[in-house]
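Before any comments, here is the structure.
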Amino acid sequence: MSSPAQTELSERAVRKRPWWPHLRAVLVLSHLCAIVLMSLPSSHRLASRAYWDKAEQQADLTRWANTLGVDREEFEEFLWEWTQRYVRIRKKITKPFLKYADYTGTRQGWTMFSGPRRRTGRYVVEVEQDGVFRSVFRTQDSSATWNRSQFEHNRLRKLMAKLTTHPQLPAYAQFSRWVAKRVAEDFPEATRCKITLDTWKTLSPGQHRHGVKPDAKRTRSQMFTLEVFR
Amino acid sequence: MRRRWQFFVDLFDETEAGTSLALFRISIGLVALYSLLSIAVAGLVEPLWTSVEYGGMRTLGGNWLVQYLGGPKPGLIWTLWGIAVTTSLAFVLGLGGPISGRIITFVMLQSYNALVTMNPLGSGSYDALLSNGLWVLVFADATATLSVHSRLREGRWRSETLVSAWPRYVLIVQLLLMYSLTGLQKSAHIWTPGGGYTALYWVLQDLGWTRYDFSEMAAWVTPLLRFGTAVTWHWEQISLLLLFWFYCRYTADRGGRVRHWVLRRDWRVGWAFVGVSLHIGILLLMNVGPFSWVSMSYYVLLWTPAEWLSHGRRARKFWRGRVARFGQSRAKKMS
C-alpha cells in the first residue's frame with residue numbers, strides 16, 4: 001500500500017489529468033490480456049495430422065488411453081476434434097495481438113521440453129588427408145573437438161538439436177555446407193570432408209544397467225570436395 | 001463492476017521506490033550483454049544471423065525491422081549488434097533519465113529482438129523472456145535508483161524517488177505465466193504420475209541439450225530424477241497460484257479467514273526456493289543458454305523495494321556481527 005506522501009502525490013496527478021489512471025489501467029490490462037491469450041499453447045503441431053500420426057505421438061496416446069481406461073481410437077478422435085476446435089478459436093482470439101507481439105517483442109510460447117524426444121544423435125565431421133579419413137569432431141566426444149567453441153555454443157546447439165530430429169529440412173543441407181566451408185579454411189591440406197548424422201533410440205534405465213549399447217543408424221551422410229570452397 | 005474497475009485503477013496507480021526494478025534492470029541487462037558478447041566471441045554473429053548468400057548458414061528473412069533496413073546482410077547485422085551491446089551497457093549502468101532512459105531501453109529491445117528473431121532455429125525461450133521484460137521496462141522508470149543517472153542527479157547511487165509499481169506487477173504475472181504455461185504444456189505421459197514421472201531421465205538421454213553425456217549415469221539415479229520430474233511438473237503448473245497470495249496481501253485489510261490462512265506463510269520464499277533449486281539443476285546438467293539467469297532475474301521483482309532494503313539491512317547486521325565475533329575470538333587467541 002502507498003504511504004500518505006505517495007497518496008498525496010498521486011491525488012495531485014489525478015486532479016491534473018483525471019482520465020490518465022483509467023487510460024493506464026486500460027493499456028496495462030490490454031497488455032496482460034495479450035500475453036495471457038498468446039501464451040496459450042499454439043504449436044502448429046497441434047493441427048498437424050502428420051505429427052499426430054508419428055509413432056512417438058501414437059505411443060503416447062496409447063499410454064494415456066491405458067492410464068485413463070478409455071478406448072484408444074475414441075480417445076484419439078475425441079482429442080483430435082477438440083484440439084482442432086481449440087486451434088481455430090485460439091487463432092481467432094489472438095489475431096488482434098499478433099502485430100503487437102511482432103513489433104514489441106512480446107511473443108509468448110513456452111513449449112519447453114513438453115515431450116522429451118526418445119531419439120538422439122551425434123554429428124561426426126571427418127576430414128580426408130592423404131587418402132585417409134579421420135574424425136575431427138564428434139558430438140560430446142572429448143577426443144574429436146575441432147570447432148567445439150562454435151558447435152557447443154547454446155544457439156548452435158539448439159539448431160543442431162532441431163536438425164537431429166528433422167534432417168530432412170533444407171536447413172540441414174545448408175548447415176552441412178557451412179561446416180564444410182569451415183573445414184576447408186581450417187584444414188588447407190584436406191581434400192574432402194564427410195559430415196554424418198548417426199541417430200538412435202534412447203535406452204531405458206534397465207537397458208543401460210544391463211550394458212546394452214545404443215543401436216545407432218546412419219541417418220544422413222554427405223561428402224564435400226573441399227576444392228570448391230577455396 | 002465499478003468497484004472492480006476502481007480496484008485495477010488504484011492498483012496500477014501505486015508507487016514505490018525503484019529498487020526492485022533497478023535490480024531487475026541490472027540483472028537482465030547483464031544477461032543480454034552475455035548473450036550478445038558470447039555469440040561474438042564464438043564467431044557466430046555472421047554464421048547465425050546473416051543469410052546464406054552472405055556467408056550465413058541458412059536462408060534468412062529477418063523481422064520487420066531487418067526487412068525494412070534491407071535484409072540480413074553483414075553490415076546491418078554488425079550495426080544492430082553494436083547498437084544492442086552499447087545500449088545494453090548503458091542500460092546496466094542506468095544511463096538516462098525518465099525519457100532518455102526509456103529511449104535507450106526501447107532501442108536495446110528493438111536491436112536485440114531484431115537479431116535474435118533472425119534465425120528461429122538458434123533462438124531460445126530466454127530471448128522471448130528477455131524482450132518481454134525490456135518492453136515493460138520501456139514504460140518504467142528503471143533508472144531512478146542504482147544508476148549513473150541517480151548519481152549524476154542526486155550525487156548518490158541510491159535514490160528514494162518514487163516510481164510506478166505496475167511494471168513490477170506486470171512482470172510478476174509474466175514470470176508466473178511462463179512457468180504455468182510451460183507446465184501445462186508438458187502433456188507427454190512421461191511427465192505425469194501415470195508415466196512414472198520419468199521425463200527428466202529421457203531429457204538427460206538427449207545429447208543435443210545436455211552439458212555432458214549423462215545418459216548412462218542417469219540410469220543409476222532414476223529415483224532422484226523422478227522426484228525432480230514430479231517437483232518440476234507440479235511446481236510449474238501451480239506457479240500462477242502465487243498471484244492469489246499477492247492478491248490476499250494487497251487486500252489484507254479486508255480480513256477474512258481464507259486471507260488470514262493464506263497470509264500465515266510467505267508463499268514467495270518456498271516458491272523461489274524450489275525455482276532456484278530447479279534452475280541450479282538446469283545450469284549444472286544442461287546447456288540451454290542463459291535461460292535460468294533470465295528467469296531468476298525476474299525473481300527479484302517478487303519482493304518490494306522496502307523488503308529489499310530491510311533484507312539488505314539485516315544482511316549487513318548479520319555480517320557485521322560475524323566479523324566482530326571473528327575479531328574478538330582472534331584477539332582472545334592472540335592474548
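Among the residues of region A:104-125, how many are assigned to a strand (DSSP E or B) and either of a type in the set (Val, Ile, Thr) or farther than 17 Å from residue A:164 by Cβ (or both)? It would help to see each step written out before you state the result.
Looking only at region A:104-125, we keep the residues that are assigned to a strand (DSSP E or B), and these are A:119-125.
Now narrow it down to the ones that are either of a type in the set (Val, Ile, Thr) or farther than 17 Å from residue A:164 by Cβ (or both): A:120, A:124-125.
Here the count works out to 3.
Say whether the condition of being in contact (Cβ under 8 Å) with a residue 60 or more places away in the chain and either surrounded by fewer than 17 Cβ atoms within 10 Å (Cβ to Cβ) or part of a loop (DSSP other than H, G, I, E, B) (or both) is met by at least one residue in region B:65-83.
Narrowing region B:65-83 to residues in contact (Cβ under 8 Å) with a residue 60 or more places away in the chain: none.
Scanning region B:65-83, I find no residue that is in contact (Cβ under 8 Å) with a residue 60 or more places away in the chain and either surrounded by fewer than 17 Cβ atoms within 10 Å (Cβ to Cβ) or part of a loop (DSSP other than H, G, I, E, B) (or both), so the answer is no.
Within region A:136-170, work out how many residues are more than 7 Å from chain B (Cβ to nearest Cβ), among the basic types (Lys, Arg) and either surrounded by 18 or more Cβ atoms within 10 Å (Cβ to Cβ) or outside any helix (DSSP H, G or I) (or both).
1
Can you tell me which residue in region B:191-229 is nearest to the chain's Cα centre (by Cα), limited to those that are among the aliphatic types (A, V, I, L, M) and at the interface with chain A (Cβ under 7 Å from one of its Cβ atoms)? Before the answer, list the steps.
If we filter region B:191-229 for residues that are among the aliphatic types (A, V, I, L, M), which is where we start, we get B:199-200, B:203-204, B:207, B:217-219, B:221, B:224-225.
Of the ones still in play, those that are also at the interface with chain A (Cβ under 7 Å from one of its Cβ atoms) are B:199, B:203, B:207, B:219.
Details: B:199: 25, B:203: 23, B:207: 26, B:219: 32 Å.
Filtering first and then ranking leaves B:203.
Taking residue A:133 and the conditions (1) part of a strand (DSSP E or B); (2) at pLDDT below 95, which numbered condition does it fall short on, given that it satisfies the others?
With respect to (1) part of a strand (DSSP E or B); (2) at pLDDT below 95, residue A:133 is out only on (2).
Taking interchain pairs and intrachain pairs at least six residues apart, which have beta carbon atoms under 7 angstrom, with the first residue in region A:202-230 and over 23 Å from residue B:213 (Cα atoms) and the second modelled with pLDDT of 95 or more and surrounded by fewer than 17 Cβ atoms within 10 Å (Cβ to Cβ)?
Matching pairs, first to second residue: A:226/A:191.
Considering only region B:171-185, how many residues are surrounded by 22 or more Cβ atoms within 10 Å (Cβ to Cβ), aliphatic (A, V, I, L, M) and either free of Cβ contacts under 8 Å to residues at least 60 places away in the same chain or more than 30 Å from residue B:228 (Cβ to Cβ) (or both)?
Final tally of qualifying residues: 1.
I need the full set of residues from region A:50-71 which are in a helix (DSSP H, G or I) and of a type in the set (Asp, Glu), in order please.
At the first step, the residues of region A:50-71 found to be in a helix (DSSP H, G or I) are A:50-52, A:55-68.
Residues satisfying the conditions are A:56, A:60.
Just for helices (runs of 4 or more DSSP H) wholly inside region B:113-217: which have at least 2 residues that are outside the structural domain of residue B:78 (by TED's automatic domain parsing) and touching a helix residue (DSSP H, G or I) at 6+ places or on another chain (Cβ under 9 Å)? Lay out the reasoning, then the answer.
On the way: elements: B:125-137, B:148-154, B:166-185, B:199-203.
The qualifying helices (runs of 4 or more DSSP H) are B:166-185, B:199-203.
Filter region B:279-291 down to the residues that are out of contact with any Gly (no Cβ under 8 Å at 6 or more places or on another chain), touching a residue at least 40 places away in the same chain (Cβ under 8 Å) and surrounded by 14 or more Cβ atoms within 10 Å (Cβ to Cβ), then identify the one that is nearest to the other protein chains (Cβ to nearest Cβ). Before you say what the answer is, go through the steps one by one.
Kept after step one, since they are out of contact with any Gly (no Cβ under 8 Å at 6 or more places or on another chain), are these residues of region B:279-291: B:279-280, B:282-287, B:290.
With the extra rule that they be touching a residue at least 40 places away in the same chain (Cβ under 8 Å), the set shrinks to B:284-287, B:290.
Imposing the further condition that a residue be surrounded by 14 or more Cβ atoms within 10 Å (Cβ to Cβ) reduces the set to B:285-287, B:290.
Values: B:285: 12, B:286: 9, B:287: 6, B:290: 8 Å.
Looking at residues that are out of contact with any Gly (no Cβ under 8 Å at 6 or more places or on another chain), touching a residue at least 40 places away in the same chain (Cβ under 8 Å) and surrounded by 14 or more Cβ atoms within 10 Å (Cβ to Cβ), I get B:287.
Which is assigned to a helix (DSSP H, G or I) and surrounded by 15 or more Cβ atoms within 10 Å (Cβ to Cβ), of B:294, B:269? Don't jump to the end; show me each part of the working.
Working: B:269 fails: surrounded by 15 or more Cβ atoms within 10 Å (Cβ to Cβ).
Only one candidate passes the filter, namely B:294.
Within region A:205-217, does at least one residue satisfy the condition of being surrounded by 14 or more Cβ atoms within 10 Å (Cβ to Cβ) and over 29 Å from residue B:186 (Cβ atoms)?
no
Condition check ((1) under 18 Å from the mean Cα position of the chain (by Cα); (2) more than 9 Å from chain A (Cβ to nearest Cβ)) across all residues:
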position: B:107; (1), (2): no, yes
position: B:121; (1), (2): no, no
position: B:125; (1), (2): yes, no
position: B:130; (1), (2): yes, no
position: B:140; (1), (2): yes, yes
position: B:145; (1), (2): no, yes
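The values are calculated or read from the model by the stated rules, or taken from the named source; none is laboratory data. Fair warning: this is a prediction, and the values are worked out from it, not measured in the lab. Please note: Cβ atoms are built from the backbone with ideal geometry, for glycine as well, and neighbour counts cover all protein chains shown.
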